[in-house]
Structures are given as structure tokens and as C-alpha cells.
Amino acid sequence: MAVETTLILCKPDAIERRLVGEIVGRLERRGYAVRAMQMMTLDKARAKRHYGEHEGKPFFDELVSFITSGPLVALAVEGEGVIEGCRQMIGATDPLKAAPGSVRADFAQTVGRNLVHASDSAESARRELPIFFDTFG
Ligand code: DAT
Ligand code: MG
């Protein structure tokens, strides 16, 4: 398995609920390395670019509105198989379907407030990382 880098976002609900340390701590305890980390508030243009694949879906406007509603913490996280590993650790999009022990199952109730984003493939990670970090452009 190759060493990869993925984009993780602790979304505004994670900041609001003081869960950033919990989320980042889980990734670090797995052995993944934080290579970049920044708190920022997205403007609508950057939010739409990040979630471009969902444009036109019924939840898109609400999604953009939520992700721009307050500061988030963006991280570039590195490790062997980290893309799939982080998807497992955050759990399914709907917290009700997320595996027990995953972040979303442990801390979230609804799809619209599911605390964390993780790139879903190597292609997505390549596309998403430069939206947040110049060094990955
Ligand atoms: P994920 O965040 O697990 O990659 P996704 O890429 O399918 O999920 O969707 C991005 C975000 O959009 C998701 O974290 C929450 C929101 N979302 C997805 N499906 C939704 C739905 N059916 N209703 C409301 N929000 C939804
Ligand atoms: Mg996704």
C-alpha cells in the first residue's frame, strides 16, 4: 500500500461542538501524520468548488450554506492507505448507517451535521487538497 495524502475537514459543527481535538487525535493515534492544518472560513466560491460534484442536487444549497456558516479546520493527512483508512474512521455519510466506533456514529445524528469530510478517492484527494493548501497545488 502506497503512502498517500488525504484532505480532512473538521466542519463548522465540529468546531462548535469542541470535537476538533477528538477527531485529529483519533487520526494521530492511528499513526497518520498531519502535514498541514489550518482554521479558515470558506467563502461560497471555494465551498462550491470543493463540493462541485454535488451541484444541482437538492441538498446542495444547504450544504454550501452550512460549510460556510463558520470556521472549519482543514488538514492534509498522510499515511499508508490513509484515504480508505480515514473513510473507515469517519463512517458512512449518514450517521445512522455509520459503523459503530466511527466518528459519525459516535458523535453525529444527521447527514447535514456529520462533523467531518474525508476525500473519497485518490482522484478526489488530488482535486481537493489544492483548494485548501497551496503547497499541494
Ligand atoms: P461524504 O461527506 O460522506 O463524502 P457525500 O460526498 O455524498 O458524502 O456528500 C457530501 C456532504 O453532503 C455530506 O457529508 C453531507 C451532505 N449530504 C450528502 N447527502 C445528503 C442528503 N441526502 N441530504 C442532506 N445532506 C446530504
Ligand atoms: Mg464526499
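The values are calculated or read from the model by the stated rules, or taken from the named source; none is laboratory data. Note that the coordinates shown come from a computational prediction; the quantities given were computed from them, not determined experimentally. Cβ sites come from the backbone with ideal geometry, for glycine too, and all protein chains shown count toward neighbours. The area values use the complete protein model at the heavy-atom level, side chains included, leaving out ligands, DNA and RNA. Shrake-Rupley method; radii C 1.70, N 1.55, O 1.52, S 1.80 Å.
Of the GluC sites (Glu not before Pro) found in segment 1-74, the ones in coil according to DSSP and having at most 15 other Cβ atoms within 10 Å of their Cβ are GLU55. Per the Kirkwood formula applied to alpha carbons, the chain shows a radius of gyration over Rh ratio, Rg over Rh, of 0.93.
Heavy atoms only, probe 1.4 Å: what % of the accessible area of the chain goes to carbon and sulfur, would you let me know? Don't skip to the answer; put the middle values down first.
Details: 3540 of 7190 Å².
Reported share for carbon and sulfur atoms: 49 percent.
Straightening the chain between ASP106 and ALA122 buys 3.1 nm, computed as 0.36 nm per residue apart minus the Cα-Cα spacing.
So which trypsin sites (Lys or Arg not before Pro) in segment 1-90 pass both tests, a DSSP loop state and at most 16 other Cβ atoms within 10 Å of the Cβ?
Values: sites: ARG17, ARG18, ARG26, ARG29, ARG30, ARG35, LYS44, ARG46, LYS48, ARG49, ARG87; in loops: ARG17, ARG18.
The qualifying sites are ARG17, ARG18.
Computed from backbone phi with θ = phi - 60° and the Karplus coefficients 6.51, -1.76 and 1.60, the 3J(HN,Hα) list for segment 41-54 is 10, 6, 8, 4, 5, 5, 5, 5, 5, 4, 9, x, 5, 9 Hz; x is used for glycine and proline. Under 15 Å from the 7 Å Cα→Cβ point of GLU53, by amide nitrogen: which residues of segment 1-34? Zone members listed by number: 6-9. Across the chain, Cα pairs under 8 Å and at least six residues apart give a relative contact order of 36 percent.
SER69 contributes about 80 Å² of solvent-accessible surface, heavy atoms of the protein only, 1.4 Å probe. Projecting the Cα atoms of GLY79, VAL3, THR110 onto the charge dipole of the chain (Cβ charges, centred on the Cα centre) puts THR110 farthest toward the positive pole.
Taking the Cβ of VAL34 as the centre, find all other residues whose Cβ is under 9 Å away and add up their charges (Lys, Arg: +1; Asp, Glu: -1). Numbers along the way, then the final one.
Working: positive: ARG35; negative: GLU28, GLU78.
Net charge around VAL34: -1.
Between the amide H of MET37 and those of ALA76, distances stay under 5 Å, these residues lying 5 or more places away or on another chain, with hydrogens modeled in the peptide plane.
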